[in-house]
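The values are calculated or read from the model by the stated rules, or taken from the named source; none is laboratory data. Keep in mind that what you see is a predicted model, and the values were worked out from it rather than measured. Virtual Cβ from ideal backbone geometry, glycine too; neighbours counted across all protein chains shown. Surface areas here come from the heavy atoms of the whole protein model, side chains and all, with no ligands, DNA or RNA. Shrake-Rupley method; radii C 1.70, N 1.55, O 1.52, S 1.80 Å.
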Amino acid sequence: MKDAALVVVDMLYDFIDGSMACQEADKAVAGSLRFIEEQTALTDPDDSGIRSIFPILFIRDHHPANHCSFAEQGGPWPPHCVQGTHGADIHKDLAPYATEDLTFFKGENPQQEQYSGFEGKNPAGQSLAEVLHLMDIRNVIICGIATEYCVRNTAEDLLKDGFNVSILKDCIAYVEAKGHHEALKAMEEEGIQIR
Ligand code: ZN
(Lines give C-alpha, C1' and ligand atoms only; values in the text may rest on other atoms or scores of the structure.)
Protein backbone atom coordinates (compact mmCIF):
# COMPACT_ATOMS: atom_id res chain seq x y z
CA MET A 1 0.00 0.00 0.00
CA LYS A 2 1.22 3.48 -0.85
CA ASP A 3 1.75 6.11 1.86
CA ALA A 4 1.45 3.41 4.49
CA ALA A 5 3.33 2.62 7.65
CA LEU A 6 3.06 -0.06 10.30
CA VAL A 7 2.89 0.98 13.95
CA VAL A 8 3.85 -1.78 16.39
CA VAL A 9 2.43 -1.00 19.84
CA ASP A 10 4.06 -2.31 23.03
CA MET A 11 5.30 -5.69 21.78
CA LEU A 12 7.45 -5.82 24.89
CA TYR A 13 8.36 -8.80 27.05
CA ASP A 14 6.32 -7.78 30.10
CA PHE A 15 3.18 -7.81 27.93
CA ILE A 16 4.18 -11.04 26.16
CA ASP A 17 5.42 -13.37 28.90
CA GLY A 18 6.22 -11.08 31.83
CA SER A 19 4.38 -9.32 34.66
CA MET A 20 1.41 -8.39 32.44
CA ALA A 21 1.45 -11.27 29.96
CA CYS A 22 -1.52 -10.83 27.61
CA GLN A 23 -3.68 -13.43 25.87
CA GLU A 24 -2.68 -14.44 22.34
CA ALA A 25 0.60 -12.52 22.64
CA ASP A 26 2.74 -15.22 20.98
CA LYS A 27 0.26 -15.42 18.10
CA ALA A 28 0.29 -11.63 17.75
CA VAL A 29 4.10 -11.51 17.59
CA ALA A 30 4.22 -14.32 15.00
CA GLY A 31 1.46 -12.70 12.94
CA SER A 32 3.20 -9.32 12.97
CA LEU A 33 6.48 -10.86 11.89
CA ARG A 34 4.70 -12.65 9.03
CA PHE A 35 3.03 -9.42 7.94
CA ILE A 36 6.38 -7.57 7.94
CA GLU A 37 8.05 -10.36 5.96
CA GLU A 38 5.24 -10.36 3.39
CA GLN A 39 5.54 -6.59 2.95
CA THR A 40 9.31 -6.87 2.58
CA ALA A 41 8.97 -9.56 -0.08
CA LEU A 42 6.65 -7.31 -2.11
CA THR A 43 9.19 -4.48 -2.15
CA ASP A 44 11.54 -4.21 -5.11
CA PRO A 45 15.22 -4.30 -4.24
CA ASP A 46 17.03 -0.98 -4.66
CA ASP A 47 20.26 -0.53 -6.67
CA SER A 48 22.32 -2.13 -3.96
CA GLY A 49 20.05 -5.19 -3.96
CA ILE A 50 18.49 -4.33 -0.60
CA ARG A 51 14.75 -4.57 -0.26
CA SER A 52 13.66 -1.32 1.36
CA ILE A 53 10.81 -2.04 3.66
CA PHE A 54 7.92 0.31 4.29
CA PRO A 55 8.32 2.30 7.49
CA ILE A 56 7.83 0.38 10.72
CA LEU A 57 7.40 2.49 13.83
CA PHE A 58 7.64 1.06 17.33
CA ILE A 59 5.90 2.28 20.48
CA ARG A 60 7.50 1.39 23.81
CA ASP A 61 5.94 1.70 27.24
CA HIS A 62 8.95 2.88 29.24
CA HIS A 63 8.33 3.60 32.91
CA PRO A 64 10.47 4.84 35.76
CA ALA A 65 10.37 2.42 38.75
CA ASN A 66 8.01 4.75 40.69
CA HIS A 67 5.42 5.17 37.93
CA CYS A 68 1.89 6.17 39.00
CA SER A 69 0.26 3.26 37.11
CA PHE A 70 1.93 0.71 39.42
CA ALA A 71 -0.02 -0.75 42.38
CA GLU A 72 2.57 0.48 44.91
CA GLN A 73 1.76 4.03 43.87
CA GLY A 74 -1.99 3.35 43.91
CA GLY A 75 -2.28 2.52 40.21
CA PRO A 76 -4.15 -0.40 38.59
CA TRP A 77 -1.19 -2.42 37.27
CA PRO A 78 1.72 -4.48 38.55
CA PRO A 79 5.13 -2.99 37.80
CA HIS A 80 5.90 -3.42 34.09
CA CYS A 81 8.19 -2.13 31.36
CA VAL A 82 10.56 -0.50 33.82
CA GLN A 83 13.34 1.35 32.02
CA GLY A 84 16.48 -0.75 31.65
CA THR A 85 14.81 -4.11 32.36
CA HIS A 86 14.26 -7.08 30.02
CA GLY A 87 10.49 -6.61 30.39
CA ALA A 88 10.74 -3.24 28.63
CA ASP A 89 12.53 -4.69 25.59
CA ILE A 90 10.93 -5.27 22.17
CA HIS A 91 10.48 -8.99 21.34
CA LYS A 92 13.69 -10.30 19.78
CA ASP A 93 11.98 -11.36 16.52
CA LEU A 94 10.73 -7.82 15.91
CA ALA A 95 13.61 -5.84 17.43
CA PRO A 96 15.78 -6.06 14.26
CA TYR A 97 13.20 -3.89 12.49
CA ALA A 98 13.34 -1.11 15.09
CA THR A 99 15.47 1.97 14.46
CA GLU A 100 16.23 4.76 16.90
CA ASP A 101 14.45 7.44 14.84
CA LEU A 102 11.28 5.36 14.54
CA THR A 103 11.00 4.19 18.15
CA PHE A 104 8.70 6.23 20.36
CA PHE A 105 8.70 6.04 24.17
CA LYS A 106 5.71 6.74 26.39
CA GLY A 107 4.92 6.65 30.09
CA GLU A 108 8.26 8.16 31.08
CA ASN A 109 6.75 10.82 33.33
CA PRO A 110 6.23 9.18 36.78
CA GLN A 111 3.05 11.24 37.38
CA GLN A 112 1.31 10.55 34.07
CA GLU A 113 -0.41 7.43 32.67
CA GLN A 114 -0.05 7.30 28.91
CA TYR A 115 -1.79 4.50 27.01
CA SER A 116 -1.63 6.15 23.61
CA GLY A 117 1.52 6.09 21.54
CA PHE A 118 0.32 9.20 19.68
CA GLU A 119 2.38 11.58 21.80
CA GLY A 120 5.20 9.12 22.40
CA LYS A 121 8.58 10.66 21.64
CA ASN A 122 11.66 9.35 19.84
CA PRO A 123 15.14 10.07 21.25
CA ALA A 124 15.27 13.24 19.12
CA GLY A 125 12.10 14.49 20.84
CA GLN A 126 9.76 14.11 17.85
CA SER A 127 6.29 12.67 18.43
CA LEU A 128 4.81 9.72 16.52
CA ALA A 129 2.27 12.01 14.83
CA GLU A 130 4.96 14.50 13.85
CA VAL A 131 7.13 11.84 12.20
CA LEU A 132 4.17 10.24 10.36
CA HIS A 133 3.29 13.66 8.94
CA LEU A 134 6.93 14.32 7.96
CA MET A 135 6.97 11.02 6.05
CA ASP A 136 3.68 11.88 4.27
CA ILE A 137 2.03 8.78 5.64
CA ARG A 138 -1.76 8.67 5.23
CA ASN A 139 -2.50 5.03 6.04
CA VAL A 140 -1.50 3.65 9.40
CA ILE A 141 -1.66 -0.09 10.04
CA ILE A 142 -1.52 -1.11 13.68
CA CYS A 143 -0.56 -4.30 15.49
CA GLY A 144 0.39 -4.81 19.11
CA ILE A 145 -0.69 -5.10 22.72
CA ALA A 146 -3.16 -4.63 24.32
CA THR A 147 -6.30 -4.19 22.22
CA GLU A 148 -8.36 -2.55 24.97
CA TYR A 149 -5.74 -0.07 26.14
CA CYS A 150 -2.70 1.03 24.21
CA VAL A 151 -3.76 -0.27 20.78
CA ARG A 152 -7.20 1.34 21.05
CA ASN A 153 -5.95 4.67 22.39
CA THR A 154 -3.22 4.92 19.76
CA ALA A 155 -5.63 4.00 16.94
CA GLU A 156 -8.29 6.49 18.05
CA ASP A 157 -5.81 9.36 18.41
CA LEU A 158 -4.45 8.69 14.90
CA LEU A 159 -7.98 8.56 13.48
CA LYS A 160 -8.85 11.88 15.15
CA ASP A 161 -5.72 13.39 13.60
CA GLY A 162 -6.99 12.44 10.13
CA PHE A 163 -5.08 9.24 9.32
CA ASN A 164 -6.76 6.22 7.74
CA VAL A 165 -6.30 3.60 10.44
CA SER A 166 -6.55 -0.16 10.21
CA ILE A 167 -5.85 -2.87 12.76
CA LEU A 168 -4.48 -6.32 11.97
CA LYS A 169 -6.88 -8.49 13.96
CA ASP A 170 -4.59 -11.54 14.01
CA CYS A 171 -1.69 -9.45 15.28
CA ILE A 172 -3.09 -8.05 18.53
CA ALA A 173 -3.14 -9.42 22.07
CA TYR A 174 -5.41 -8.49 24.94
CA VAL A 175 -6.01 -8.47 28.69
CA GLU A 176 -9.54 -9.97 28.58
CA ALA A 177 -11.46 -11.50 25.67
CA LYS A 178 -14.65 -9.58 26.44
CA GLY A 179 -12.92 -6.21 26.48
CA HIS A 180 -10.99 -7.14 23.36
CA HIS A 181 -14.15 -7.88 21.37
CA GLU A 182 -15.94 -4.78 22.69
CA ALA A 183 -12.97 -2.58 21.78
CA LEU A 184 -12.79 -4.00 18.25
CA LYS A 185 -16.52 -3.41 17.73
CA ALA A 186 -16.34 0.16 19.06
CA MET A 187 -13.31 0.98 16.91
CA GLU A 188 -14.98 -0.39 13.80
CA GLU A 189 -18.03 1.80 14.46
CA GLU A 190 -15.73 4.81 14.76
CA GLY A 191 -14.28 4.15 11.31
CA ILE A 192 -11.17 2.14 12.10
CA GLN A 193 -10.80 -0.75 9.69
CA ILE A 194 -10.38 -4.18 11.27
CA ARG A 195 -8.63 -6.46 8.82
ZN1 ZN B 1 2.45 1.02 31.28
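The apolar share of the surface of the stretch 124-195, taken as the fraction of accessible area on carbon and sulfur atoms (1.4 Å probe, ligands and nucleic acids excluded), comes to 46 percent. By the Cβ rule of 4.7 Å, the chain holds the following cysteines without a possible disulfide partner: C22, C68, C81, C150. Over the stretch 52-159, what is the mean sequence separation of C-alpha contacts under 8 Å (at least six apart), divided by residue count, expressed as relative contact order in percent? In percent, rounded to a whole number, it is 24. Proximity of backbone amide H atoms, modeled 1.01 Å from N, is registered between V7 and L57, I141, I142, C143 at under 5 Å, excluding neighbours fewer than 5 places apart on the same chain. Each Cα pair under 8 Å and six or more residues apart adds its sequence gap; the mean of these over the residue count of the chain is a relative contact order of 26 percent. Between the DSSP loop rule and a limit of at most 16 other Cβ atoms within 10 Å, which trypsin sites (Lys or Arg not before Pro) in the stretch 122-166 are left? Sparse-neighbourhood loop trypsin sites (Lys or Arg not before Pro): R138.
Angle of helix 25-42 to the longest C-alpha principal axis of the chain, folded into 0 to 90 degrees and rounded to 10: 20°.
Note that the chain presents 48 Å² accessible area per residue, ligands and nucleic acids not counted, probe 1.4 Å.
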